[in-house]
There are 2 protein chains.
Amino acid sequence: MSASGLRRSVVLKSRPRGEPVAEDFGIVEDAIPKAGPGEVVTRTLFLSIDPYMRGRLREEQTYAVAIQIGEVMTGETVGQVVASADPAFVPGDIVVGARGWQTHSVTPGERLVKIPKGGAPLSTYLGVLGMPGATAYAGVTEICKPKAGETFVVSAASGAVGSVAGQIAKRAGARVVGIAGGADKCLWVQDSLGFDDCVDHRSLDLGRELRSACPNGIDCYFENVGGVVQAAVFDQLNAFARVAMCGMVSQYNEHTFPAGPNLGFVVGKRVHIQGFIVSDRPERMTEWRSLAAPWVADGSLKYREDVIDGLENAPDALTGILSGRNFGKLLVRVSAE
Amino acid sequence: MSASGLRRSVVLKSRPRGEPVAEDFGIVEDAIPKAGPGEVVTRTLFLSIDPYMRGRLREEQTYAVAIQIGEVMTGETVGQVVASADPAFVPGDIVVGARGWQTHSVTPGERLVKIPKGGAPLSTYLGVLGMPGATAYAGVTEICKPKAGETFVVSAASGAVGSVAGQIAKRAGARVVGIAGGADKCLWVQDSLGFDDCVDHRSLDLGRELRSACPNGIDCYFENVGGVVQAAVFDQLNAFARVAMCGMVSQYNEHTFPAGPNLGFVVGKRVHIQGFIVSDRPERMTEWRSLAAPWVADGSLKYREDVIDGLENAPDALTGILSGRNFGKLLVRVSAE
């Protein structure tokens with residue numbers, strides 16, 4: 001608990017045009033809240049920074065309600081209980097489910113899930129064992145459904161979602177090809193994650209590089225970025241390909257979206273393109289945690305984290321993730337464990 | 001059988017650039033073929049003209065092999081057996097399954113299906129009870145899956161596929177809105193097919209007309225045309241919408257395809273876009289015929305045919321269907337029953 005008894009929160013000051021800048025956000029202070037009936041107050045340890053947050057800054061509503069000017073930014077956290085009016089939680093418990101770019105949150109107890117102590121690092125509950133991991137799991141198993149010997153491509157392959165998606169597809173026996181930004185990321189994707197190949201989307205001839213990495217065409221695509229990467233992949237889809245549309249981060253800062261692909265190929269190739277949002281089926285999150293926790297424990301499911309210190313740096317972290325500046329799951333350490 | 005003992009066939013003379021013209025085709029004559037072992041010779045009664053045929057004229061392969069210069073044009077027919085080396089067929093039998101823009105075809109017997117005499121008009125086996133009807137059935141029941149109260153939109157609504165698709169969706173209890181070209185077609189779609197509304201795609205403000213016809217947004221879209229119609233519909237899709245991608249006839253004459261929709265909405269709205277080709281699952285055709293034959297017999301499943309006389313008019317008929325000149329299922333009567 002803050003010595004001063006004050007809570008700090010990052011609020012939206014103005015809607016960014018293009019790339020979010022520091023001036024679009026402000027920090028406000030108020031008293032650390034009390035727990036009302038059934039509520040739990042948590043001290044934020046880690047805050048997750050994810051590309052979807054850019055959508056919440058837009059005037060128009062996407063799939064979730066936009067954040068209004070003056071409102072606290074939204075985001076998943078791992079926190080420690082400091083006060084509880086829910087008998088299921090006691091001070092000291094570590095939980096996920098509290099939200100907000102703030103040092104303390106107050107949350108109905110029924111939305112919180114306790115994290116076992118002594119298990120996986122707490123930060124993983126926001127990444128490989130959290131929403132990004134479950135997103136990868138849902139997209140790969142419900143939409144892409146890679147079969148042994150098929151070619152599976154994932155963009156933003158070194159990111160929180162892409163890195164897990166590729167590893168799940170690899171376990172299914174697919175040839176897994178990542179697309180990532182820069183040599184360092186590609187090297188990690190191949191050497192550490194064990195993907196069969198990785199293509200740098202900044203290469204001069206992305207289509208040719210991709211063709212060379214996918215000599216049998218592409219059967220599954222896990223889409224995180226859109227734009228020229230999407231165009232290059234779509235050109236090389238095989239008949240009966242499955243495309244899991246998870247995100248299109250390359251355009252999140254755009255005011256108006258560029259034209260997309262002509263969809264004639266979807267007919268002739270019987271392509272299946274499916275958008276999804278993991279929160280539509282919360283049970284998948286629980287399922288994924290049970291499945292993946294042993295893989296994290298035995299080291300067979302790899303992950304990488306990019307941790308920024310200090311709540312005040314969250315806005316800059318968001319700007320960074322939208323341009324791919326981070327390397328691995330991006331987190332803000334809001335306070336020490 | 002032709003008195004002269006000659007067969008006439010329409011062959012491809014040159015690949016059309018843009019709209020096919022008469023000079024792209026030629027008529028060749030040869031002897032009426034004999035039936036080899038297991039084969040059946042048929043005299044063509046009706047030839048089906050369908051938009052997909054334009055794709056076969058392209059240099060590059062789509063989902064089927066391109067027709068080569070000098071080759072006979074492909075197409076579904078209803079024919080009468082004139083000679084048979086397959087014990088399952090005797091002269092006089094009426095069959096579907098023989099292919100080709102020609103007065104006589106020779107076909108392995110196993111590819112033919114006998115049509116019961118005295119039932120539905122023979123021409124319907126190329127339309128409402130044939131490939132177009134089965135296509136509508138597959139797209140609506142496997143992809144669109146309209147539920148009671150949902151809004152179902154189909155383009156080319158007065159065509160062979162669209163007219164059936166809408167009627168199937170109507171039976172499922174959906175609000176069904178057609179999109180068609182011109183007041184005559186729209187009137188027929190509403191008055192005869194019983195769709196809830198029909199929008200003329202030539203209207204000045206297609207988006208507004210469509211919004212007015214679909215006050216609760218669009219849950220299902222059966223896509224036959226692409227282009228500006230697709231853009232208008234995609235703008236109004238609801239969350240969890242299903243799009244059956246059957247064809248995009250508006251661009252079949254284009255040498256290079258125009259850009260398409262930005263696919264960001266697919267993520268946020270969890271849209272399902274699925275291409276399909278009915279011939280991938282021939283069992284659906286059989287299923288559809290059993291299901292729909294009683295509806296045709298009792299008059300509850302409506303259809304309209306646009307019959308052109310004479311094989312030599314088939315090329316012009318194809319040109320016409322690509323610009324929507326036909327009104328209803330387009331057929332060429334090649335010879336009298």
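So for segment B:60-68 (the condition being under 30 Å from B:Lys117 (Cβ atoms) and either crowded, with 18+ Cβ neighbours inside 10 Å or under 24 Å from the mean Cα position of the chain (by Cα) (or both)), does at least one residue qualify?
no
Could you check how many residues of segment B:46-75 are under 22 Å from B:Gly324 (Cα atoms), part of a loop (DSSP other than H, G, I, E, B) and away from every other protein chain (no Cβ under 14 Å)?
Count: 4.
Restricting the search to segment A:235-273, which residues are polar (S, T, N, Q), closer than 19 Å to A:Tyr52 by Cα and more than 7 Å from every other protein chain (Cβ to nearest Cβ)?
A:Ser250, A:Asn253, A:Thr256 - these are the residues of segment A:235-273 that are polar (S, T, N, Q), closer than 19 Å to A:Tyr52 by Cα and more than 7 Å from every other protein chain (Cβ to nearest Cβ).
Note down all Cβ pairs under 6 Å where the first residue falls in segment A:207-218 and is at negative phi, the second is surrounded by fewer than 16 Cβ atoms within 10 Å (Cβ to Cβ), and they're at least six residues apart or on different chains.
That search, which allows pairs on different chains as well, returns A:Glu209/A:Ser203.
Consider B:Leu263 carefully, then state whether it is buried (at least 19 other Cβ atoms within 10 Å of the Cβ) and modelled with pLDDT of 95 or more.
Judged against the criteria, B:Leu263 is a match.
Here's the yes/no breakdown for (1) in a strand (DSSP E or B); (2) within 23 Å of the chain's Cα centre (by Cα); (3) not assigned by TED's automatic domain parsing to the domain that holds B:Ala156:
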position	(1), (2), (3)
B:Glu29	yes, no, yes
B:Lys34	no, no, yes
B:Val40	yes, no, yes
B:Thr44	yes, yes, yes
B:Gly92	no, no, yes
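For B:Phe89, which of the numbered conditions (1) surrounded by 21 or more Cβ atoms within 10 Å (Cβ to Cβ); (2) under 20 Å from B:Leu331 (Cβ atoms); (3) of a type outside the set (D, E, K, R) fails to hold?
For B:Phe89, the failing item is (2).
Could we say that B:Arg15 is within 24 Å of A:Gly268 (Cα to Cα), charged (D, E, K, R) and surrounded by fewer than 21 Cβ atoms within 10 Å (Cβ to Cβ) here?
yes
Just checking, does segment A:319-335 include any residue being in the same structural domain as A:Arg54 (by TED's automatic domain parsing), in contact with a Lys or Arg (Cβ under 7 Å, 6 or more places away or on another chain), closer than 26 Å to A:Ala231 by Cβ and of a type in the set (A, V, I, L, M)?
Within segment A:319-335, one or more residues are in the same structural domain as A:Arg54 (by TED's automatic domain parsing), in contact with a Lys or Arg (Cβ under 7 Å, 6 or more places away or on another chain), closer than 26 Å to A:Ala231 by Cβ and of a type in the set (A, V, I, L, M).
Restricting to segment A:264-307, and then to whatever is over 26 Å from B:His272 (Cβ atoms) and without any contact (Cβ under 8 Å) to a residue 40 or more places away in the chain, can you tell me which residue is farthest from the chain's Cα centre (by Cα)?
Filtering segment A:264-307 for residues that are over 26 Å from B:His272 (Cβ atoms) and without any contact (Cβ under 8 Å) to a residue 40 or more places away in the chain, the one farthest from the chain's Cα centre (by Cα) comes out as A:Asp298.
Going through B:Glu23, B:Glu19 one at a time, which residue ends up being without any contact (Cβ under 8 Å) to a residue 24 or more places away in the chain and more than 12 Å from B:Gln102 (Cβ to Cβ)?
Within the list B:Glu23, B:Glu19, the selection yields B:Glu23.
So, in segment B:169-205, of the ones that are among the aliphatic types (A, V, I, L, M) and under 22 Å from B:Ile321 (Cα atoms), which residue ends up surrounded by the most Cβ atoms within 10 Å (Cβ to Cβ)?
B:Ile179
Take the residues in segment A:274-285 that are more than 8 Å from chain B (Cβ to nearest Cβ) and outside any helix (DSSP H, G or I); name whichever of them is surrounded by the most Cβ atoms within 10 Å (Cβ to Cβ).
Only one residue tops the list, namely A:Arg281.
How about segment B:121-224: which helices (runs of 4 or more DSSP H) wholly inside it have at least 3 residues that are touching a Leu at 6+ places or on another chain (Cβ under 7 Å)?
B:160-171
The values are calculated or read from the model by the stated rules, or taken from the named source; none is laboratory data. Since we're looking at a predicted model, the values are computed, not measured. Because the Cβ atoms are built from the backbone with ideal geometry, glycine has one as well, and the counts that use them run over all protein chains shown.
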